[in-house]
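The values are calculated or read from the model by the stated rules, or taken from the named source; none is laboratory data. The structure displayed is predicted, hence computed values, not measured ones. Counting neighbours? That spans all protein chains shown, and the Cβs are built from the backbone with ideal geometry, glycine included. Remember, those area values only see protein heavy atoms, side chains included, never the ligands or the DNA or RNA. Shrake-Rupley method; radii C 1.70, N 1.55, O 1.52, S 1.80 Å.
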Amino acid sequence: MLQTVSEPRTIGAAQLAAYRFMLRARLLDDKFAALYRAGKIHGGVFLGRGQEALSAAIGVSLKKTDVFAPLIRDAAGRLAFGETILDAVRTYLGSALGPMRGRDGNVHRGRPQDGCLPMISHLGAMISVVNGVLFARRMKGVTGLVGAACLGEGATSTGSFHEALNQAAVEKLPLVLVVANNQYAYSTPNDRQFACADLADKAVGYGVEAHSVVGNDLAACLDVVSHAVARARAGHGPQLIVANLLRLCGHGEHDDAGYIVPELKNSPLGRDCLKLAEEFLLQEKIADRAQLAVWRSEAIREIEDAVAQVQREPLPDPFAENWTALSTENLAEGRE
Amino acid sequence: MSITYLEAIREAQARALREDPRVFIYGQDVGAFGGAFKATKNLQKEFPGRVLDAPISEDAIVGLAVGAAIEGLRPIIEMQFADFSTVGFNQIVNQAATLFWRTQVVCPITVRLPFGGTSGSGPFHSQCIEAIYAHYPGVIVVTPATVEDAYSMLLAAVATNDPVIFCEHKFLYYHLKAEKLPSEALPIGKARIAREGRDLTIVTYSAMVHEALAAATELATEGWEIEVVDLRSVKPLDTDTIIASVARTGRLLCVGEAWPWGGVTAEVIARVTAEGYGLLDAPPQRLNAKDTPVPYHPNLWAAHRPTSRSVAAAARNLLRT
Ligand SMILES: Cc1ncc(C[n+]2csc(CCOP(=O)(O)OP(=O)(O)O)c2C)c(N)n1
């Protein structure tokens, strides 16, 4: 594993930048949870609580010209990659003006034209799509590019994960595959999901470089993720990152997560990455409490403004809706 | 006492586990958690070692079930959502569905698919994919519309020596209730007259039975007597009951929540026009979901799927021709 030698000042700056995305993501998630409880959101709400450090580290390690396939717990990484709070709110509230126009909702959002791929629900399915984008850009002569795909440990059990990782290795694609091992896939604990000691061990079988990291330690996540991204960018092929952490919420907001055992909650994995990051910033005197409070209230205002704006926006109108799934309009059947 | 559609599914599984030691349940989160919808609640505790959490590996889940069936067991597979069964599609339609035909070894697996639209569920948690399974030889596809059928048809599915795709509609899970579980039932393959009428036949299945019944109630206030046929199983399809109904009414409207291209409604109309052309007083019609993925927002979703209102409107049009 890499020994990063950076100046403390730059480490502090990177942490600060990542922290602010973490904070905004946490507060945005909190708002979605509140709206869900108030019955203002149709369908499910899925939070990234406890996974913001890892997710933000991915987002800040990517360039805007890279490709990113976030998953359900990546509000922080999305913001860091460039998704707006407005896009997130519009998708959750079904605004006709959002990127998904009410056709898809919640975490199923993205802008492929901007390199942010919109997840489908089927786990593992996004990885090979990232491969395809990387493959095509290489064909087009674009170099120096990286693609990151996120997934949970549960999704490593899909055939899609194995097929796509092998494919990326065969093609030597600059794929960074980030597994957030949050100890549970919905209710299923790791011992019913996989039997290897460390998920990072999967990499060797595919001839892929692997990295492990403590997922609630922002400094460690920044180190490891930026290193893996740099390795991929430099032509060393796919990189598998496995982050160990704990989901600090239910699978979705409908779920009380009663199955998460207290031993895990009380273990170091159960520590909140956002609090840890704040402690670090205070301790290193990168920010003081007053400054943290300002950032928090700024973020809350930004989120509240977005929600207030979106709540006044038009909802999708079935009579104005173009009821076809084809772009080739003259070949679309059955339009009314 | 009253029992919901979902509880009936749980009770049927409990009874199957109790009465037949060859039965086991395998699927994501079905164990201690009791399943994403709680259809296997407490079953792991009641039947230790026979209700097992699976990894997120639909292909391997179905493959394991086929292997166990070859060994004489009777697995019940729960897909977390029907939509994800496409990941296990190959094992269902190429492995399970061909086994008996190729080898004379039976493949008694039951694959439970929580399917169909509910508000806010979006394109990947709403799909109706009964027709793609029904297209393949070697599988049975059932679509219970009532609490009683959910119970008895699941038991029948487990007892059947062929792969059964058990399509349980999520929209019916909680609000559909019955007083008690049935002690007898129609066999798989027999349709049911859900409401008698003489002016028009609506053939439908699963959640759309209830939309059709509501439409029939509405049309009754206008003086029309609508007959509603609940298919119960879409493969095999009970052509006799359908034709007999059309013989009484002379008009056929076929309603399905699935997409319009091909599918169950097209199959019904093809059979009625081929075998009962002379019985029809008007061209048979069908009403399906629109030909797009299932939209997330309720405004769009309500317009995407047939509802009692659109069923009534389609019936009115047909009654006027
Ligand atoms: C192919 C497939 N099967 C089942 C599901 C249903 N499902 C949604 S999330 C989930 C658990 C995911 O666990 P994990 O990959 O560890 O991610 P986490 O939720 O822990 O972040 C399951 C089983 C799915 N989305 N896709």
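Some observations on this one:
- Quarter of the Cα convex hull surface for segment A:23-180, i.e. its orientation-mean projected area (nm²): 8.9
- Counting only DSSP H runs of at least 4 residues, each contributing -39500 (n - 2.57), and dividing by the residue count of chain A, the helix-based mean residue ellipticity at 222 nm comes to -13500 deg cm²/dmol.
- Label-point gap, in nm, between residue A:63 and residue A:234 - each point 7 angstrom along Cα→Cβ: 1.6
- Distant-in-sequence amide contacts of residue A:67, defined by a placed amide H-H separation under 5 Å and a gap of 5 or more residues or a different chain, comprise A:146, A:147, A:148.
- Shown here are the Rg and Dmax of the Cα trace of the protein assembly as shown, at 26.6, 88 Å.
- Here the Gaussian network model covers chain A, with springs between Cα atoms less than 10 Å apart; of A:206, A:259, A:19, A:259 fluctuates the most.
- Using the Karplus relation 6.51 cos²θ - 1.76 cosθ + 1.60 with θ = phi - 60°, the per-residue 3J(HN,Hα) values for segment B:202-210 come to 9, 9, 7, 7, 6, 4, 5, 4, 6 Hz, with x marking Gly and Pro.
- Where chain A is the region considered: accessible area per residue in Å², 1.4 Å probe: 43
- The phi torsions of segment B:173-179, fed into the Karplus equation with coefficients 6.51, -1.76 and 1.60 and a -60° offset, translate into couplings of 3, 9, 8, 7, 10, 10, 6 Hz, rounded to whole numbers, with Gly and Pro shown as x.
- GNM flexibility winner over chain A from A:190, A:322, A:266 (Cα, springs under 10 Å): A:322
- Charges were assigned to the Cβ only: +1 to each Lys and Arg, -1 to each Asp and Glu. The resulting dipole of the protein assembly as shown about its Cα centre is roughly 740 debye.
- Accessible area buried at the A-B interface, both sides summed, 1.4 Å probe (Å², nearest 100): 2800
- Each residue of segment A:138-145 was assigned a 3J(HN,Hα) from its phi angle through the Karplus expression (A = 6.51, B = -1.76, C = 1.60, θ = phi - 60°), giving 5, 4, 7, x, 7, 10, x, 10 Hz with x at Gly and Pro.
- Mean sequence separation of contacting Cα pairs (under 8 Å, at least six apart), scaled by the length of segment B:192-320, corresponds to a relative contact order of 29 percent.
- Estimated translational D of chain B in µm²/s (Stokes, Kirkwood radius over Cα pairs; 20 °C; 1.002 mPa s): 108
- Distances between placed amide hydrogens fall under 5 Å for residue B:202 paired with B:227, B:228, B:229, B:253, all partners being 5 or more residues away or on another chain.
- Loop-located GluC sites (Glu not before Pro) in segment A:111-220 whose Cβ has at most 10 other Cβ within 10 Å (DSSP): none
- Average accessible surface area per residue within segment B:10-100, 1.4 Å rolling probe, Å²: 36
- For chain A: Kirkwood Rh in Å [reciprocal of mean 1/r, alpha carbons]: 20.6
- Segment B:3-178: C-alpha gyration tensor shape, a/c 1.5 cut-off, then a/b vs b/c: rounded
- Within segment A:94-131: backbone nitrogen closer than 12 Å to the residue A:317 label point (7 Å, Cα to C-beta): A:96
- Of all DSSP beta bridges confined to the protein assembly as shown, the antiparallel ones make up roughly 15%.
- Net charge dipole size for segment B:31-158 [Lys, Arg +1 and Asp, Glu -1 on Cβ; Debye, nearest 20]: 200
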